[in-house]
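What follows is one structure encoded as structure tokens, with my remarks underneath.
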Amino acid sequence: MGFGKYVGARVLWAVVVSLIITTITFLLLAAAPNPAIREAATQAALQGGDPSAAVERERELRGLNQPLYVRYMDFIRSIYTLDWGWSESRSQPVTEALLQALYYTAQYSIPWTVLTITLGPLVGVYSAANMYSWRDHVATGFAFFGYAIPNFFFGIILLLIFGVWFEVVPISYDTSAPVFSLQNVRQLILPVFVLVTGSIGATMRVSRNESAEFQNSDFMKTAKAKGVSPLRAYAYHVMRPTMVPLSTTLVGQLLALFIGSSLLVEVVFGIPGLGRLTFNALISQDTNLVLGSTLVFTFIAVVGNLLEDLVFTVLDPRINYDDR
Amino acid sequence: MATKKPEQFDRVDWSELSESRRFDLSINSIGMLVATLPLALLWLYDYQFVGEREATFQAIGLSRNLDPLDYFFVFTLFLFFFYLILPLYQNPRMTRYYWKEFRRNRPAVVSLGWLGIVFVGGLIGPLLISAPEQSILTGHQPPVFLSIDEANVANCVGEVVNGRCQGTWQHPLGTTRGGKDVFAGIVYGMTISMQIAFITTTIVAAIGITFGTVSAYAGGWVDEVMMRFVDIILSFPTFLMFLLILYIYGAGLGMFILVFSAFAWGGTARYVRSKSLSVSEEEFIKATRISGASTYRVVRKHVVPNVASSIITQLTLLIPGFLLAEAQLAFLGIGDSAVPSWGQLISAGRSDLAFAPWIVLSPGIVLFLTILAFNFIGDALLDALNPEAEAESA
């Protein structure tokens, strides 16, 4: 199997996975009592009408009296044509609400991802080069600290220290701040810091352990003997092979963090992004919006895994496509 | 690890080997059965004869009620004791070796001590300390040795010095807004955390090992389908799925444990599969096969014990994720608010953070230390149980 074919098969598989996940979501929703119908029945009963007639009317209105497979085909079609319905709680189309939220999520996610991807391997290789020195121990301690401290708890504490006691950063998020302004930097610095400490630890550990292997390898000795400067030697001979195993774990970890932590961090810092949107949709029982944001997160996860696999095959030419 | 190893190679008890039949039970299994039987009977009694709203032990005057989660928790404790602690005692030589390797990692030894405290506190604490109760009048009491401005407290339990309310030993870690004792809350949270740790581990191990070995031994298209299934499980956004289930059906701690462990075994299954594929190529497996051992026996007696050490490490590193997820959900306030977990306490103190930071800080630090301890122990186990892994990464 050649590279092109492998990529094709992998993309096809991603589509199948996303289809399976949306199907399960649909079945979960189909099996559950719909809050809107209960609402209609309660309304009818309160106004002295017939609850069961109201339920029938509501079911017909929402197309719930059709057979399951018809509804399923309808559901799948509307998902892939981006017709995601109307958000009751926000009085706007679901896609529009999601796009607005994505705008705020991207403002802290992009710096966070860039910082983790660049700083993590750098610090990891650096501490492998100075293994068992105090710098290495500090870096290791920091990695474990960041890995173990719950993000939302860390966020609350930092907000208390820098927002309430020292008053260096604003406590509440101001949505009117321009993207590239000092005000925006000040209000986003804490969420970005919290997320980076949470995600950088794993990256640092992996790159430290992986690059330790290459420190004493023959090609490194040759490079040193030839008089290659340490910076160049580390950049070309240690960093590059380290990135290959790193790339397999990096995306998955970042995604897991993104889905879990972004929600919490947004709630703590009051950022009106995707996580907050999902949370508010859950609270206000806005089914269409809940479904929409679940789909967005699923889509991000599936695409992320796909990219991870593809990057891996590009970075490591030794991989045999037939095995996978 | 669960197998009984002779101390020396040249002394084999042939009579024991020749007498062993297929359904011979080891002392561990007998112990397990003997311990589980009363538990099952108690559950039956609870299920059949005790009313819906009555406590399990009402007949003998105790108010402690047991729900299905508690039964499962005790069951996993038995499993843990008979298949992990008892074998360690039965093989003192290996135990000494593991301990020697483990001890080299000092943070891990401290972590083990800390987890011991959490474990014992979670088991015995609720029996000794009464559950934290609401009493609005004694809200916002400061921890012992600390003080708070009198204006923030309705009724100071301790002394008032210079207009500041002093903490007392009655509430060693202070109280929340509603007057719930923070220390008691943390002890009750230990029980919840231990339940999550033990039950999820048991479920993940059971599904992961079964799935992995079956997949490895079935081979062919069955293997292919099973591994693709694992791919799907792994790319599932578990946290969101749980939010969705919570939203539609409402869910308590039991549902949380079920959903999270149902989506966490993918990695374990993959790992077990690759490991058992490599183990089944070994010479001793071939020798066992030639001697006429069935596949079940090979898997049960040779493959699983050989992958056990790596699975234990992997499971230890899974637990912190579950604890964190539970705390996050409780913090968001969309879990079962009746479950007295650490996350619940953190979220309870969030609004009073500026003047009563202990409500957030104490459970937060306990949660942080517990997650850290599991990570340290996982690291040390990795070094102690699989020396080859260390050689690879060093």
State the Cα centre-to-centre distance between segment A:126-202 and segment B:319-369 in whole Å.
20 Å
Per residue of B:244-251, other chain Cβ atoms within 10 Å number on average 5
Choice from B:Ile311, B:Ile192, B:Ile30 showing the highest fluctuation, given a GNM over chain B with Cα pairs closer than 10 Å
B:Ile30
So if I take the centroid of the Cα atoms in segment B:167-208 and the same for segment B:72-127, what is the distance between those two points in Å?
19 Å
Please report, to two decimal places, log10 I(q)/I(0) for segment A:111-152 at q = 0.17, 0.19, 0.25 Å⁻¹ as given by the Debye formula with identical point scatterers on the Cα atoms and no solvent.
-0.51, -0.62, -0.90
Output field shielding_mean for A:150-159 (other chain Cβ, 10 Å radius) holds 6
A student applying the Cα gyration tensor rule (rounded when a/c is under 1.5; otherwise prolate if a/b is larger than b/c, oblate if not) would label the protein assembly as shown rounded
Dipole in debye (nearest 20) - the protein assembly as shown, about Cα centre, beta carbon charges: Lys, Arg +1; Asp, Glu -1
1560 debye
Take B:Arg300, B:Arg177 and sort them by solvent-accessible surface of the protein heavy atoms, 1.4 Å probe, largest at the top.
B:Arg177, B:Arg300
Heavy atoms of the protein only, probe of 1.4 Å, neighbouring chains included. What is the accessible area of B:Ser309 in Å², nearest 10?
20 Å²
Highest mean first, how do B:368-375, A:301-308, B:85-92 rank when packing is the count of other Cβ atoms within 10 Å averaged over residues?
B:368-375, A:301-308, B:85-92
Can you find, among B:Phe145, B:Leu123, B:Val307, the residue sitting farthest towards the positive end of the charge dipole of the protein assembly as shown, where Lys and Arg contribute +1 and Asp and Glu -1 at Cβ?
B:Val307
How many Å² of accessible area per residue for the protein assembly as shown, probe 1.4 Å?
52 Å²
Burial-style ranking of A:153-160, A:166-173, average other-beta-carbon count within 10 Å with highest first, yields A:153-160, A:166-173
Mind jotting down the distance between the C-alpha centroids of segment A:57-123 and segment B:290-307, whole Å?
49 Å
Nearest-0.05 FRET efficiency for A:Phe219 and A:Leu307 at R0 = 25 Å, using Cβ-Cβ distance, is 0.30
Expressed as a percent, the accessible surface of chain B that is carbon or sulfur, using a 1.4 Å probe and the full set of protein chains, is 63 percent
In chain A, with Lys and Arg counted as +1 and Asp and Glu as -1 at Cβ, which of these residues, A:Trp165, A:Thr222, A:Ile189, has the Cα nearest the positive end of the dipole, that is, farthest along it?
A:Thr222
Lysine pairs in the protein assembly as shown with Cα distance under 24 Å, only those 8 or more apart or on different chains: how many are there?
11
If one builds a Gaussian network model of chain B from Cα atoms under 10 Å apart, the most fluctuating residue listed among B:Thr288, B:Thr191, B:Thr202 is B:Thr288
Over the heavy atoms of B:Ser291, what accessible area does a 1.4 Å probe trace out, to the nearest 10 Å²?
100 Å²
Would you mind giving the mean number of other chain beta-carbons within 10 Å of the Cβ of each residue in A:204-216, as a whole number?
1
Once you sort the root eigenvalues of the Cα gyration tensor of segment B:200-246 as a ≥ b ≥ c, which label holds: rounded (a/c under 1.5), prolate (a/b larger than b/c) or oblate (the other case)?
oblate
Sticking with the crude label model, points 7 Å out along Cα→Cβ, report the distance from B:Glu281 to A:Ile300 in nm, one decimal please.
4.0 nm
Once you put a point 7 Å from the Cα of B:Ser351 and another 7 Å from the Cα of B:Val34, both along the Cβ direction, what distance in nm separates them?
5.5 nm
Counting other Cβ atoms within 10 Å, keep those with at most 12, restrict to DSSP loop, and tell me which GluC sites (Glu not before Pro) in segment A:1-108 are left.
none
Simple SL model, points at 7 angstrom along Cα→Cβ for A:Ala53 and A:Phe3; separation in nm is 7.0 nm
In a shell of Cβ-Cβ distance under 13 Å around A:Met204, excluding A:Met204 itself, what net charge do Lys and Arg (+1) and Asp and Glu (-1) give?
+1
Binned at 10 Å from zero, the C-alpha pair distances of chain B give percents of 4, 18, 27, 25, 16, 7, 3, 1, 0
Counting helices only, and only those DSSP H runs with n ≥ 4, report the 222 nm mean residue ellipticity of chain B as the sum of -39,500 (n - 2.57) divided by its residues, in deg cm²/dmol to the nearest 500.
-21000 deg cm²/dmol
With +1 at each Lys and Arg Cβ and -1 at each Asp and Glu Cβ, the charge dipole magnitude of chain A around its Cα centre, to the nearest 20 debye, comes out at 1060 debye
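The values are calculated or read from the model by the stated rules, or taken from the named source; none is laboratory data. Keep in mind that this is a model prediction, so the values were computed, not measured. Note that each Cβ is placed from the backbone with ideal geometry, even for glycine, and that neighbours are counted across all protein chains shown. Surface accessibility is based on the protein's heavy atoms, side chains included, excluding ligands, DNA and RNA. Shrake-Rupley method; radii C 1.70, N 1.55, O 1.52, S 1.80 Å.
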